[in-house]
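> The structure under discussion is supplied below as structure tokens; questions concerning it will follow.
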Amino acid sequence: MTEIGRYDTTTVLERALPVLEASQRILANNIANANTPGFRPSHVSFRESLRSALEGVSSGVPLIATHPRHISPGYAAPSIVFERDTFEPGRNDMSTFDVDREMVALTKNSGRFEVLSGILTKRYQQLREVLRIT
């Protein structure tokens, strides 16, 4: 089990943003398939995906520099952990999609992204200020 306290704040923020971005894509896919018969929405497990990102578990797709002037990211893209919808179909077309539930999830995810990216922006501003002074 990963203890989040082992990592500095900037690392946690940098690893959390791609997880939230993947979650946003999955939620958008869920909403796009709202009228698909039998559709079962997926969701990203933020906690498990962040844990795998912090532990260095990758999606198997290594990020490489293809030009000498590219900057290596230093870590691979995180492995995203999905949760399947466990709700019983409540519609005649056997879909478990619920627009209210998806919109709440989308709003929560967007809020998390805004807060975490704002904190990361402030951290980088602080670093820039320290480097400018010295």
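The values are calculated or read from the model by the stated rules, or taken from the named source; none is laboratory data. What you see is a predicted model; the values in this text were computed from it and never measured. A quick note on method: Cβ atoms are made from the backbone with ideal geometry, for glycine too, and the neighbour counts reach across all protein chains shown.
> Residues of segment 92-121 being among the charged types (D, E, K, R) and closer than 17 Å to residue 33 by Cβ, which ones?
Taking segment 92-121 first, the residues among the charged types (D, E, K, R) are 93, 98, 100-102, 108, 112, 114.
Of everything in segment 92-121, those that are among the charged types (D, E, K, R) and closer than 17 Å to residue 33 by Cβ turn out to be 93, 98, 100, 101, 102.
> Any chance you could count how many residues in segment 19-56 are polar (S, T, N, Q) and outside any helix (DSSP H, G or I)? Can you show your working first?
Initially, segment 19-56 is screened for residues polar (S, T, N, Q), giving 23-24, 29-30, 33, 35-36, 42, 45, 49, 52.
Applying the additional criterion that residues be outside any helix (DSSP H, G or I) yields 33, 35-36, 42, 45.
Residues that pass the stated criteria total 5.
> Taking only pairs six or more apart or across chains, which ones have beta-carbon atoms under 6 Å, a first residue in segment 20-46 that is without any contact (Cβ under 8 Å) to a residue 60 or more places away in the chain, and a second residue that is loosely packed, with under 13 Cβ neighbours inside 10 Å and part of a loop (DSSP other than H, G, I, E, B)?
37/93; 38/94
> Within the group 11, 2, which residue is among the β-branched types (Val, Ile, Thr) and either under 23 Å from residue 110 (Cβ atoms) or at pLDDT 70 or above (or both)? Break it down into steps so the answer makes sense when it comes.
Values: 2 fails: either under 23 Å from residue 110 (Cβ atoms) or at pLDDT 70 or above (or both).
From the options 11, 2, the qualifying one is 11.
> Please pick out the residue among 99, 104, 44 that is modelled with pLDDT of 85 or more, under 23 Å from the mean Cα position of the chain (by Cα) and farther than 27 Å from residue 14 by Cβ. Lay out the reasoning, then the answer.
Working: 104 fails: farther than 27 Å from residue 14 by Cβ; 44 fails: farther than 27 Å from residue 14 by Cβ.
The match here is 99.
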